[in-house]
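Below you'll find the structure, written out as structure tokens, and then a few comments.
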Amino acid sequence: MTTPDVAGFTGLAAPAAPSPAGLPGSSGLTGLAMVPRPSGASQGFSPEAARRDVPILHRTVNGHPLVWLDNGATTQKPRQVIEALTAFYASANSNIHRGAHTMAREATEMYEAGRAAVAQFLGAPSPESIVFVRGTTEAINLVAQSWGRANLGPGDDILVPVLEHHANIVPWQLVAKQTRARVVPVPLRPDGSIDQDAYADLLSARTRLVVVSHASNVLGTVPPVREMTALAHRYRAKVLVDGAQAVAHFPVDVQDLDADFYTFSGHKIYAPTGIGALYARPEILQTMAPWQSGGNMIESVSFDRTTFAAVPHRFEAGTGHISGVAGLLAALNWLTAFDRKAVADYETQLMAYAREALAKVPGLEVLGSAAERIGVLTFTLPGHTPTGIADWLDHDGIAVRAGHHCAQPALAHYGLDSAARASLALYNTREEVDRLVASLLELQAA
């Protein structure tokens, strides 16, 4: 699947030559139009091609070349994304939708081209089914407070697997308290997969909503979302899928999944922070009331009556993260220029290599062993705290995460309250895994 270039939209052309100051040209949005493709990656995929495009991967930390294994928290940005942000602010900065001048029209065209690109990236039926948000957390809160408060009531069940990120637990606890509904945890199996038998048993006529991560940020588990959704729909329950950890690792088709809601965060997929997207089934989105209100989301306002804009704009109050959309569009163009199957295959092979390599560290235990998973390696090492592990690795220029990873129930399943986590991305290499293992062996010997 490829994402549409912005060049097909009025007022957006191919990139101009750099100005003497090194910035994109300033005629309209030329610097944002056709985002350059990854170096040497028009066909297939190689991690080296990806690495050439990501400047921060070439810096040093504490005198060592950086090894970025904190991708589950945020991914690093290719130069194409950085240049798109610079181009927007250097030559195209304007608010959108309401301006009559040239730059306002061009910025609006870019913004809506970004919406169309997200729709195509997710396999959504139309751009109007895409709402721009700050990220996954805001999207889930939007659904909870708009759809949830209108459709949940006393005695209704919200099924939430134990592996969920706090962002897919706490909003449902809050809306359940408001509506007197009930949050029902779905247990895990020892391997970190969702207990599908328990899930089937918990579904009932009381189930109004099922929420599930498409990939776990702490165990890497990839649940059978399509099958879980089909089963939930037999009970007329709606399904929200948290795709924050999934979209960077494998292609997603929301219509094939038959999801009612799907959301992701830009910064997990090589785009800027503060931008993300919510997909909602069009017929559901049409029924939802605004969550936040103010400018941009109205049709008309008087002291007697206010009417709201059509979807998706009624959910985008105020000035949105316009430059973030420019960066997200660039990130999607960059990622989809690679063969997505080749990327997924590479990451699967790298994860298998990493698991085998980490097994050489005495006492190290990786949490979770589900058959379907992404490259998330959360681990413990006897005699060392997760923070101590992360601090040691940092001295060798290796960045990993330590703590509860906003998934305390999932860690509690293993009797833990914290762990270290190395998370892989398409630009990581076997050599970086070897450096991680060598450093951990030195820690054990210290």
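Before moving on, here are some points about what is shown:
- Any hit, the stretch 209-228, residues being surrounded by fewer than 22 Cβ atoms within 10 Å (Cβ to Cβ) and hydroxyl-bearing (S, T, Y): no
- Checking each residue in the stretch 74-95 for being under 23 Å from G295 (Cα atoms) and open to solvent by less than 10 Å² (accessible area, probe 1.4 Å) picks out F88, A92.
- Taken residue by residue, the stretch 86-105 has at least one member that is in contact with a Lys or Arg (Cβ under 8 Å, 6 or more places away or on another chain) and in a loop (DSSP other than H, G, I, E, B).
- Residues of the stretch 392-446 classified as aromatic (F, W, Y) and open to solvent by 50 Å² or more (accessible area, probe 1.4 Å), total: 2
- Members of the stretch 226-243 that are of a type in the set (A, V, I, L, M, F, W, C) and under 16 Å from the mean Cα position of the chain (by Cα): L240, V241
- Taken as a whole, the condition of being farther than 30 Å from V133 by Cα, open to solvent by 60 Å² or more (accessible area, probe 1.4 Å), modelled with pLDDT of 95 or more and not acidic (D, E) applies to T387.
- Filtering P190, P185, P251 for residues that are more than 30 Å from A50 (Cβ to Cβ), in a loop (DSSP other than H, G, I, E, B) and open to solvent by 60 Å² or more (accessible area, probe 1.4 Å) leaves a single hit, P190.
- Residue within the stretch 156-167 that is modelled with pLDDT of 95 or more, buried (at least 24 other Cβ atoms within 10 Å of the Cβ) and in a helix (DSSP H, G or I) present: no
- Pairing each residue of the stretch 154-178 that is without any contact (Cβ under 8 Å) to a residue 24 or more places away in the chain with any residue that is surrounded by fewer than 22 Cβ atoms within 10 Å (Cβ to Cβ), provided the two are 6+ apart or on different chains, yields C-beta distances under 7 Å for Q173/V183.
- Selection within the stretch 323-348 - of a type in the set (A, V, I, L, M) and open to solvent by 10 Å² or more (accessible area, probe 1.4 Å): A337, A342, A344
- Output for the stretch 349-384, where each listed residue is open to solvent by less than 70 Å² (accessible area, probe 1.4 Å), free of Cβ contacts under 8 Å to residues at least 24 places away in the same chain and of a type outside the set (V, I, T): A352
- S193 of a type in the set (S, T, Y) and closer than 22 Å to S265 by Cα: no
- Neighbours by Cβ (under 6 Å, 6+ apart or cross-chain): first from the stretch 429-446, at pLDDT 95 or above and in a helix (DSSP H, G or I); second among the polar types (S, T, N, Q) and open to solvent by less than 20 Å² (accessible area, probe 1.4 Å): none
The values are calculated or read from the model by the stated rules, or taken from the named source; none is laboratory data. Remember, it's a predicted structure, so these values are computed and weren't measured experimentally. Every residue, glycine as well, gets a Cβ built from its backbone with ideal geometry; the counts of neighbours run over all protein chains shown. Areas reflect the complete protein model, heavy atoms only, side chains present, ligands, DNA and RNA absent. Shrake-Rupley method; radii C 1.70, N 1.55, O 1.52, S 1.80 Å.
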